[in-house]
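The values are calculated or read from the model by the stated rules, or taken from the named source; none is laboratory data. Just so you know, these numbers come straight off a predicted model, no measurement behind them. Because the Cβ atoms are built from the backbone with ideal geometry, glycine has one as well, and the counts that use them run over all protein chains shown.
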Ligand SMILES: [Zn+2]
């Protein structure tokens, strides 16, 4: 299988921690300094395919490394999982579930180049939206 996360070279120093079900690796390419990925060892494409023991180790590992980032390196840390099946597999998109840990600082580069523009699309919910999405997700 041509999957970079199933075939990661464990001799390289990018592997930070290897658990029973998941490993932690330096993201390459990286979005910000200290960008980490938490990757299940088993090749799955969606978080819903994770087994209970994999979910537990993954969340425990995410919390452990978020705390490491906060205590040793940065004043903030985002945890993300991107689900974008509409994008083709590439260097920036891999069909093997992984979670990003992104060290963040107040008004950092990610904010300056991307998130500052999100403020333009943030809106208060309309009554119609509240009704529509509550009905959609409760159903
Ligand atoms: Zn894989």
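From the set of residues in the stretch 1-31 that are more than 19 Å from the chain's Cα centre (by Cα) and away from the ligand (no atom under 15 Å from the Cβ), which is modelled with the highest pLDDT?
The initial filter retains those residues of the stretch 1-31 that are more than 19 Å from the chain's Cα centre (by Cα), namely 1-2, 7, 9-13, 20.
Restricting the remaining residues to those that are away from the ligand (no atom under 15 Å from the Cβ) gives 11-13, 20.
On the way: 11: 65, 12: 71, 13: 69, 20: 98.
Among those that are more than 19 Å from the chain's Cα centre (by Cα) and away from the ligand (no atom under 15 Å from the Cβ), it is 20.
What is the residue count in the stretch 79-100 for residues that are modelled with pLDDT under 90 and more than 14 Å from the ligand (Cβ to nearest atom)?
So the answer is 9.
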